[in-house]
Structures are given as structure tokens and as C-alpha cells.
Amino acid sequence: VLDLDNMLWGGIIGEDGFNGIKLDHNDSIGKSFIEFQKYLLALHERGIILAVNSKNNFDDAIKVIKEHPNMILHEEHFACLKINWNDKATNIKNISEELNIGLDSLVFIDDSPFEINLVQSQLPQVQAIQLPKDPSSYSDFIEEIGVFDSLSYSAEDKNRTKMYKADVKRKRIKKNF
């Protein structure tokens, strides 16, 4: 479960705007975020389910995800998007319910000590990881923790996000009847 601002791109979309965020191959900071997204995409391709939990205006954030030319991760890579102004613990509970995944199977990654402490205090079964300040070390930091280590993965693992997204869609359709 991933934050967006200062995690998938540098800066705060609500303050810096679409053209002001750092997500550029020609900028060392922006390049760090691109490299981190590549790392997350590799996790996704191994079957790790990605979800977003971000305090943002939905339209601003989704525009970056859908339209920014340097975004590596796109809407289809995320099983669930919670981009709103709810507290992050509430959003994590909703992600857990929507995906039908136990809270103890979720890993919350954020750069904010406040958000990490909130989730740890309200949802102690969720592993909460605070990223270091330097975005160029994000991938190595997560790799060293070993939270996503697996000896092997299958073709089913690779399609896991698609399966979860299809299940969420079925539940929404069922709810409308």
C-alpha cells in the first residue's frame, strides 16, 4: 500500500502541479522516483499486489498516473486506489475489505512519520515502513528489509493484481443489483 507524493514522484501534486513534480530522466531526484517505480513494477510482475493510499485530490493524482509521460506505474498496476482526504488507517481498512485481504498481509509504505505512527497505532497488524529521506535509496531500503522476499513465484502470482481487480469489479456490480 503506497503513498504518492514524495514516493512515486517528487513533490506534492496539490502544491507543485502536474508540471512541477519531480519525475524526469534529466533530473537526479526525478530519476530516483522513476527507478523506484521500476522496482515496484518488478514487484508487481512477481505477484505483489500494489494499492495506493494517498491524501490528495483524486483528479490531480489520477491525471499524473494516467497522463504523465514518465510514469512507469499506471492505473492497471494498482488493485485498489484510495486517493481522498480520509485518514490513512481508514483507507487501509477499506483496501483490506475491498480486496478481501487480511490486514496482516498488508505492508504500508510512506515517507511521513505521522502517517506511519497513525497506522502502527490503529492497525498494529499492518507492517508500516517509513522510507528514508533520500529517494535514490528507496529500492535498496525495501530490498534490505526483505518483506517481499520469496523463493519462487508462479504464473498465477504474476496475474494476481488482475484477479483481485476482477473480483473488486464483480463485487461492485453485485452491489448495484
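The values are calculated or read from the model by the stated rules, or taken from the named source; none is laboratory data. It should be emphasised that the depicted structure is a prediction, and the values quoted were computed from it without experimental measurement. Methodologically, a virtual Cβ is constructed for each residue, glycine included, from the backbone with ideal geometry; neighbour enumeration extends over all protein chains shown. Just so you know, the surface numbers come from the protein's heavy atoms only, side chains and all, with ligands and any DNA or RNA stripped out. Shrake-Rupley method; radii C 1.70, N 1.55, O 1.52, S 1.80 Å.
Which shape class applies to the range 1-117: rounded if a/c is under 1.5, otherwise prolate when a/b exceeds b/c and oblate if not, where a ≥ b ≥ c are the square roots of the Cα gyration tensor eigenvalues?
Values: a/c = 1.77, a/b = 1.39, b/c = 1.27.
Judged from the Cα gyration tensor, the range 1-117 comes out prolate (a/c at least 1.5, a/b above b/c).
For the full complex of protein chains and a 1.4 angstrom probe, list 138, 39 by accessible area with the highest value first. Kindly include the intermediate steps, with their values, before the conclusion.
On the way: 138 5, 39 40 Å².
Ranking 138, 39 by accessible area, largest first, yields 39, 138.
Short-range pairs are left out: with C-alpha atoms under 8 Å and at least six residues apart, the relative contact order of the range 1-105 is 26 percent. Expressed as a whole percent, the accessible area of the range 85-143 that falls on carbon and sulfur atoms is 47 (1.4 Å probe). Using R0 = 25 Å, the C-beta based FRET efficiency linking residue 46 and residue 94 works out to 0.50. Taking Lys and Arg as +1 and Asp and Glu as -1, the other residues whose beta-carbon sits under 15 Å from that of residue 30 total -3. For the pair residue 107 and residue 137, a Förster radius of 22 Å applied to the C-beta separation gives a FRET efficiency near 0.80, rounded to the nearest 0.05. Summed over the residues of the range 6-95 and divided among them, the accessible surface reaches 43 Å² per residue at a probe radius of 1.4 Å.
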